[in-house]
Amino acid sequence: MNKLKKAIAIGTTVLTLVWTMGGLPVNATTYIADGDLVKAAGSSAVYYIAGATKRVFPHANVYLSWGYPADYSSVKTVSASELAAYTDGNAMPFRDGSLFRGIGVGLQGYAKEAVYYIEDSKLRPVKSADIYQALFKDANWVKVTWVPDDLLTKFTYPLGTMIETSSTHPDGTIIQYAG
């Protein structure tokens with residue numbers, strides 16, 4: 001009986017040491033659920049899982065527009081083969097309520113200085129800087145995400161109506177009334 005206790009104690013000690021030094025090699029997969037954010041080991045591309053489809057975030061600012069943590073702590077790392085099992089879908093768009101613009105080009109025939117608001121998954125250009133300032137009270141333009149021009153071509157937003165007045169805030173705008 002003493003030999004059995006000694007063998008169990010030695011085995012437990014060895015397993016504990018192996019485990020604390022990185023564990024045993026295991027061929028395990030990560031569980032991926034609908035709505036998860038994932039990336040393949042060794043890659044920086046982040047995907048949103050929707051059913052059997054993966055949708056890439058084409059830019060960090062698009063990822064951040066959805067309110068995910070800037071440290072990417074909610075992203076699961078999976079094997080390349082696990083990720084490859086999902087069908088490629090359309091790139092993730094900016095979230096409704098986002099404001100963005102290009103650097104040197106505009107979209108859908110608008111000037112390069114145009115700012116776009118996303119509402120109901122549609123692109124709504126803001127008619128002027130005066131209307132933008134009246135609606136968003138953003139003298140330093142910090143609410144606008146500046147997007148590399150080559151990224152703009154990856155967005156396929158349908159065109160919504162132009163925001164031509166500051167008398168009504170677009171859907172999704174957070175406002176605070178005086179008092």
Loop-resident chymotrypsin sites (Phe, Trp or Tyr not before Pro) in the stretch 100-179 with no more than 10 other Cβ atoms inside 10 Å, DSSP not H/G/I/E/B, are Y177
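Please list M92, M162 from largest to smallest accessible area, probe radius 1.4 Å, with all protein chains kept in place. Write down the numbers at each step before the final one.
Numbers: M92 10, M162 55 Å².
Result, largest first: M162, M92.
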Quick one: Karplus J couplings for the stretch 97-113, per residue in order, coefficients 6.51, -1.76, 1.60, θ = phi - 60°, nearest Hz, x for Gly and Pro?
-> x, 6, 10, 8, 7, x, 9, x, 9, x, 10, 6, x, 8, 4, 5, 7
Loop sites in the stretch 40-142: GluC sites (Glu not before Pro), DSSP, at most 11 other Cβ within 10 Å = E113
Using a 1.4 angstrom probe and counting only protein chains, how large is the accessible area of K127 in Å², to 10?
-> 120 Å²
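Quick one: what do you get for the stretch 117-161 if you divide its Cα Rg by 2.2 N^0.38 Å? Intermediate values should be presented prior to the final figure.
Details: Rg = 11.8 Å, N = 45, 2.2 N^0.38 = 9.3 Å.
Working it through for the stretch 117-161, the quotient is 1.26.
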Using a 1.4 Å probe and ignoring any ligands, DNA or RNA, find the accessible area of S128 and quote it in Å² to the nearest 10.
-> 40 Å²
Taking the alpha-carbon centroid of each part, what is the distance from the stretch 156-179 to the stretch 63-119 in angstrom?
-> 20 Å
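The values are calculated or read from the model by the stated rules, or taken from the named source; none is laboratory data. Predicted model, so just to flag it, every value in this text is computed and none were measured. Counting neighbours? That spans all protein chains shown, and the Cβs are built from the backbone with ideal geometry, glycine included. Side chains are part of the model used for accessible areas, which takes the heavy atoms of the whole protein and leaves out ligands, DNA and RNA. Shrake-Rupley method; radii C 1.70, N 1.55, O 1.52, S 1.80 Å.
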